[in-house]
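What follows is a short report on a single structure.
Coordinate-derived values only; no laboratory data. Since we're looking at a predicted model, the values are computed, not measured. For neighbour counting, all protein chains shown are included, and Cβ atoms are generated from backbone atoms with ideal geometry for every residue, glycine included.
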Amino acid sequence: MAVLRMRDALREALREEMRRNPKIFLMGEDIGKYGGSYAVTAGLLEEFGEERVRDTPIAESVIVGAGIGAAMAGYHPMVELMTINFSFLALDQIVNNAAKLLYMSNGQINVPLVIRMASGGGSQLGATHSHSLEGLYAHFPGLKVVCPAFPADAKGLLKRAFRDQNTVIFIEHTANYGLRGEVPDDPDFLIEFGQANIVREGRDVTIVGYSGSVHQALRAAEILAEQEEVEAEVIDLRTLRPLDIATVVESVKKTNRCVVVEDDWKFGGFAGEIAALVMEHAFDWLDAPVARVCSKDVPMPYNRTLEYAALPSEEDVVDAVLAMF
Amino acid sequence: MATRERTRKARSREQRHDYLLSEAQLEEMYYYMLLARRLSERMLILNRQGRAPFVIAGAGQEAAQVGAAMALERGTDYLAPYYRDLAMNLVFGMTAREAMLNVLGKRDDPNSYGRQMPAHWSSPARRIVTQSSVVATQLVHAVGIALGARLRGEQLVVMACCGEGATSRGDFHEALNFAAIHRLPVIFFVENNGYAISERTEKEMPVPHVADRARAYDMHAAIVDGMDCVAVYQTVKPAVDQARRGGGPWLIEAKCYRLWAHSSEDDDTRYRPRKELEEWAKKDPITVFRERVLADGIFPREDLEEIEAHVEEEVRDAVEWALAQPDPAPEDALTHVYKEY
Ligand SMILES: Cc1ncc(C[n+]2csc(CCOP(=O)(O)OP(=O)(O)O)c2C)c(N)n1
Ligand SMILES: [Mg+2]
């Protein structure tokens, strides 16, 4: 075990997998000498050379599309997109191609590709850099969607993504890159997809989150314990697709209350999916309707005051929980 | 500027003739280039003081920006700038105070009222159109603005700007193709500063010049020394005039250099040789302009010093004033998602 920041844990995963599998190579803007916008690929060019760590032009569609092509040709590329908002420039490649080629070819062509991107607000990057759209990608059958909240999970899940035979959308929260945590150094450390993690145990309410909102849920749980004598159980989904709803349902059957927290917009978002599944599987156990704590229905503004106003807060989570008692 | 009154000495006719610009225009050039640079310097200081979270500036590109913007008709022509184009916006009438409100994300920043990251310029009244952070997207809008003008029967020109890195994007090629098919009055003005964040042009494109790409769209193209404000004006002006008369779009590449790091977040020592930077610093467009007009006897030194003092004062005032302006209130975040009617 070593204490690593999230960005270092991600880099360790890339390094170990690239050493293990010569079919893996990386492409993206400024990932070489520069080391990536969030310094995830720092030092990899020096170790693996330009053939395996390739700086690309600013052209997101071909970055992803060439990744798909190379995957068809027997490689297992990882492409990095600077932010989830820029992934929209490659949306056709991701949604109409990567997610569908296996099905459309009747199982003949699969696309083992890892697409990494940053998401999340709170860093004052404005409306075209900071949205949380994990749920959008989870909507598309054919994609797997991974969104770690802790360094160890980041490493285990990213390593696992390279053992997959499908396209994995790997989404990292910008506010988490500097977060520290214990990370196993065993090169065979993998975390299976579709396994939620109970990161705090409690008996009174289940708070469900992923990526950045897990930390918000944990902070809210602390406030609830200290000020309200409410013990919240916090669940980190870790992957949205496949989704481990069983862990959530089991928890709700114990706590009888459920709050879903996410940075995404509420209308048509992933929190609504969780609420529906909890209702389907644990309706008789619920003491209150499932609550959703999400962003305001606005593009993310830049100014700090405005951005805080748009994003959900710990207090919003606390209020949602208390409203259930 | 126009309000400044000065007495001037008689100057050599031939030399002024050489510039194809009036003395007032040359003064304006120096003033806008210098104002942009001094404002950017103060913005960076505010960033280091923790007062401006993000700064992205155009140091090294002022000559290209001012020369190009001055070739347009203010109040008639449209500008679809990119984030480094502070100097262009100043030429189009944005004030130093407004630029400072913008970098501070203040409530009354007329560019976006604190909503957009700094340097996403906008001023509909001055015909400056806003842009997304996603590079090259303003180029396709420019095509539509030109199309709209044609449909209305208005003779105007749209200048759309970007860096050379942005020309790898599909939007750039789609915009050129569309504009060329319909011979729309768009000047695509590319400020080639040698880098897209850390990536040098060799990694961005196989051709030596962005302007080479015009051939594929059968459109006019020009390459100009972007460190020379006068040369830029002299190149862009005829293109603008021709486009206005219905001669079709232009792709103009200004070769310049990014004298600073990509942004306040960037450490360029990781990827840029110091030697290269030092060589280009010698060609700083503002210093070069100053030395040239002095050597050619266009202005006496005192005239330039007067402009310099004026700029210093304007920047000082802008900072002091903008810092004292109110921040947005939380509820301001919730308006303008849909147009109310
Ligand atoms: C589509 C898209 N991809 C990536 C980015 C991130 N990014 C911001 S500026 C920049 C470099 C742009 O280079 P260039 O067009 O040459 O302009 P310069 O910054 O050099 O003036 C990049 C990659 C972006 N804004 N938009
Ligand atoms: Mg550039």
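Structure notes:
- Legend: mean number of C-beta atoms from other chains within 10 angstrom of residue C-beta atoms, peptide A:302-314, equals 6.
- Among B:Ser112, B:Ser22, B:Ser132, the largest mean-square fluctuation in a Gaussian network model of chain B (Cα springs under 10 Å) belongs to B:Ser22.
- Using only Cα coordinates, the Kirkwood hydrodynamic radius of region A:108-231 works out to 16.0 Å.
- Net charge over other residues, Cβ less than 10 angstrom from the Cβ of A:His173 (K, R count +1; D, E count -1): -3
- The Cα center of region B:53-85 and the Cα center of region B:161-239 differ in position by 15 Å.
- Of A:Ala9, B:Leu147, A:Phe150, farthest towards positive along the dipole that unit charges on Lys, Arg, Asp, Glu beta carbons give the protein assembly as shown: B:Leu147
- DSSP-defined antiparallel bridges as percent of all bridges, the protein assembly as shown, nearest 5: 20
- Pairs from A:Lys23/A:Lys159; A:Lys144/A:Lys266; A:Lys100/A:Lys144; A:Lys33/A:Lys144; A:Lys155/A:Lys253 whose Cα-Cα separation, in the structure shown, is over 23 Å: A:Lys33/A:Lys144; A:Lys155/A:Lys253
- Modelled label reach - B:Tyr338, point 7 Å along Cα→Cβ, region A:265-297 residues with backbone N closer than 16 Å: A:266-268, A:297
- Options A:Val318, A:Gln93, A:Ala138, ranked by Cα towards positive dipole end of chain A, top entry (Cβ charges): A:Gln93
- Spin-label pair B:Thr76/A:Ala225, simplified geometry with 7 Å Cα→Cβ offset, distance in nm: 7.1
- Counting only GluC sites (Glu not before Pro) that DSSP places in a loop and that have at most 10 other Cβ atoms within 10 Å, the longest clean stretch of chain A runs over A:52-228.
- Reachable aspartates and glutamates from B:Lys106, criterion Cα separation under 17 angstrom, eight or more residues apart if same chain: A:Glu307, B:Glu98, B:Asp317, B:Glu320, B:Asp327, B:Glu331, B:Asp332
- With eigenvalues of the C-alpha gyration tensor scaled by 5 and rooted, chain B, Å: 27, 27, 22
- Spin-label zone in region B:16-54 - amide nitrogen under 19 Å from a point set 7 Å from the Cα of B:Glu306 along the C-beta vector: B:16, B:22-35
- Percent breakdown of C-alpha pair distances by 10 Å bin, ordered from the shortest bin, for the protein assembly as shown: 3, 15, 23, 24, 18, 11, 5, 2, 0, 0
- q = 0.07, 0.09, 0.10, 0.11 Å⁻¹: log10 I(q)/I(0) that the Debye formula gives for chain A, counting C-alpha atoms only: -0.27, -0.45, -0.55, -0.67
- A:Asp287/A:Ser313 FRET efficiency (R0 35 Å; Cβ-Cβ; nearest 0.05): 0.90
- Based on C-alpha pairs under 8 angstrom that are at least 6 apart in sequence, chain B has a relative contact order of 23 percent.
- Nearest 10 degrees, 0 to 90: helix A:151-161 Cα axis against chain A principal axis: 50
- Using a Gaussian network model of chain A in which every pair of alpha carbons under 10 angstrom is joined by a spring, one finds that among A:Arg257, A:Arg163, A:Arg292 the greatest mean-square fluctuation is at A:Arg163.
- The residues neighbouring B:Arg107, those whose beta-carbon lies less than 11 Å from its own, together hold a net charge of -2 under the Lys/Arg +1, Asp/Glu -1 convention.
- The alpha-carbon of B:Lys275 sits under 17 angstrom from the alpha-carbons of these lysines, leaving out residues fewer than 8 places away in its chain: B:Lys283.
- Hydrodynamic analysis of region A:180-325 uses the Kirkwood radius over alpha carbon pairs. Inserted into Stokes-Einstein at 10 °C and 1.306 mPa s, it gives a translational diffusion coefficient of 101 µm²/s.
- Degrees separating the helix A:6-20 axis from the principal Cα axis of chain A, which is the longest one: 40
- Across region A:2-183, Cα-Cα pairs farther apart than 19 Å form 53% of the total.
- Highest-MSF residue in chain A out of A:Arg304, A:Arg15, A:Arg52 [GNM, Cα springs under 10 Å]: A:Arg304
- Taking the Cα centre of region B:24-93 as origin and assigning +1 to Lys and Arg Cβ atoms and -1 to Asp and Glu Cβ atoms, the resulting dipole is close to 460 debye.
- Degrees, to the nearest 10: A:60-72 long Cα axis against longest axis of chain A: 70
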